[in-house]
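Participant: One structure, pasted below without further comment.
Laboratory data are not the source of any read-out in this text; all were calculated from the coordinates shown. Every value quoted in this text rests on a predicted model; they were computed, and no experiment measured them. We place every Cβ from the backbone using ideal geometry, glycine too, and count neighbours over all the protein chains shown.
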Amino acid sequence: MATWQFVVSLIPSRWCGIAGNGTAQLVDRDGYGDLSSAWQQYQPDAMIVSLISKILPPSASWHEDLKIWGDETGSDIHVSYAGTQVESVIARIDTRTDTARMCASVVELARTLDCCLYLGAARLIIPSDVTELGKAIATSTAAQFSAARR
């Protein structure tokens, strides 16, 4: 991840709605993000690949269990698999550019897949809302880094 990329993950809303589920379950014991528990019982619609392809073009992946769309130095979306099961859906938004379109696209994808948004850096789950995501991006270290470079 580049310093100018804001990272947001999609988490199934049904998982978020279960008492006891929260950000602590999305981090492994070493402190690294592990979204697989959220996706384990709640697999997305089979149309996920075509939905993401409407946002960004497919890109080459460095692993067979990872599908990538977009540009790794700009904005991209990664879907990680364990076999055929989705383990994570992660978007990285390039804050060096106007983030409005990508922000709206990620929120629309989340809504279509019935997901909340997980901001791993802040250890925060927010609703799939353009205003909420826009605020999070605007106050992020990624946006601060990009603003300092302009």
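Participant: Whole percent per 10 Å bin, from 0 to the bin with the longest distance: what is P(r) over all C-alpha pairs of segment 1-73?
Facilitator: With 10 Å bins starting at 0, P(r) equals 15, 40, 37, 7.
Participant: Separate question: Kindly provide the Kirkwood hydrodynamic radius of the chain in Å, to one decimal, from all pairs of distinct alpha carbon atoms. Don't jump to the answer; show the numbers that get you there.
Facilitator: Values: mean 1/r = 0.0645 Å⁻¹.
Computed over the chain, the radius equals 15.5 Å.
Participant: Compute, for the chain, the length of the dipole vector about the Cα centre, with Cβ point charges of +1 (Lys, Arg) and -1 (Asp, Glu) only. Units Debye, rounded to 20.
Facilitator: On the way: 12 positive and 16 negative charges, 92 e Å.
The calculation lands at about 440 debye.
Participant: Let me ask something additional. Rounded to the nearest angstrom and ordered from largest down, what semi-axes does the equivalent ellipsoid of segment 51-111 get from its C-alpha gyration tensor (root of 5λ)?
Facilitator: Values: eigenvalues 83, 36, 16 Å².
In descending order the semi-axes read 20, 13, 9 Å.
Participant: Cα extents of segment 102-150 along the three principal axes, largest first, in whole Å?
Facilitator: Principal extents (largest minus smallest coordinate, Cα): 36, 21, 13 Å.
Participant: Cα centroid distance between segment 1-15 and segment 84-147, in Å?
Facilitator: So the separation of the two Cα centres works out to 6 Å.
Participant: For segment 20-117, which trypsin sites (Lys or Arg not before Pro) pass both filters: DSSP loop (anything but H, G, I, E, B) and at most 15 other C-beta atoms within 10 Å? Display every interim value, and only then the final one.
Facilitator: Values: sites: Arg29, Lys54, Lys67, Arg92, Arg96, Arg101, Arg111; in loops: Arg29, Lys54, Arg96.
Hits after loop and neighbour filter: Arg29, Lys54.
Participant: What number, in percent, do you get for the relative contact order of segment 1-71 if the mean sequence gap of Cα pairs under 8 Å and at least 6 apart is divided by its residue count? Working shown, then result.
Facilitator: Numbers: 45 pairs, mean separation 13.7, N = 71.
Answer for segment 1-71 is 19 percent.
Participant: Using the number of other C-beta atoms within 10 angstrom as an exposure proxy, rank His78, His63 with the fewest first.
Facilitator: Numbers: His78 20, His63 9.
The fewest-first ordering by Cβ neighbours comes to His63, His78.
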